[in-house]
Structure formats: C-alpha cells, structure tokens
C-alpha cells in the first residue's frame, strides 16, 4: 500500500459506506413507490363495495370513460353493463340484468327479480 492509500483509507471507507447507504435507500424507495403505483386504481375507475343485511358483498367498478360498470356478484360472477337512462339515481343495464345505484344504495336485478340490495361501505 502506498502512503496516500493509508492516509486516505478512513475517508474512503466512510465514502463507500455513504454510497452504499444511499444506494440501498434509493432502491428501497423505488420498490415502495412501484408497489404503491401498482395498487392505485386508474383515475377513470372507481370501485365501491355494497354490503347487504346478510353481509353479502357486491363489488362495482364504475368506469367513467366508458360510462359502464363491472359488477362482481356475491357468487363471484362478473357482469359488464352499459349506462342507461334513469329518472333518479344511476342505472346500468343490458336489458336483462340491471345494477341501480341511488343515494349510496345498490341493487342488482335479473329481469324483475331483486338479486341483491345493500349499502355502500
């Protein structure tokens, strides 16, 4: 070892420690940011969970751009419905199945039969 290396060994160790700490911190921060970004819902979609008196859950994802909803029924079945005209509240239907939201309550109908009714959590 040269005299310069011996004289400068402690600062080099401290420098390496600082560089290692900064690198680990940046990598950890990037990992957290990526994880959070993946968990964030797109701005054009809003998901609401409705809970019935029997504690069944109906999950509805409102797509603001497409003006439609994806409904996940308590049995796990998924249904996509386009928005339809309604006098009050918001109604989505394909003519056979209908999801209706009014004042924080959601109802799901198949024809004239009420399948689900609950309040937004």
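The values are calculated or read from the model by the stated rules, or taken from the named source; none is laboratory data. Here the structure is a predicted model, which is why all the values come from computation and not from measurement. When we count neighbours, we look across all protein chains shown, and the Cβ atoms used for this are built from the backbone with ideal geometry, even at glycine.
Worth a mention:
- Meets criteria (surrounded by fewer than 16 Cβ atoms within 10 Å (Cβ to Cβ), free of Cβ contacts under 8 Å to residues at least 24 places away in the same chain and more than 19 Å from the chain's Cα centre (by Cα)) for residue 46: no
- Count of segment 96-117 residues, restricted to those that are assigned to a loop (DSSP other than H, G, I, E, B) and modelled with pLDDT of 95 or more, is 3.
- Members of segment 69-82 that are surrounded by fewer than 16 Cβ atoms within 10 Å (Cβ to Cβ) and touching a strand residue (DSSP E or B) at 6+ places or on another chain (Cβ under 6 Å): 78, 80, 82
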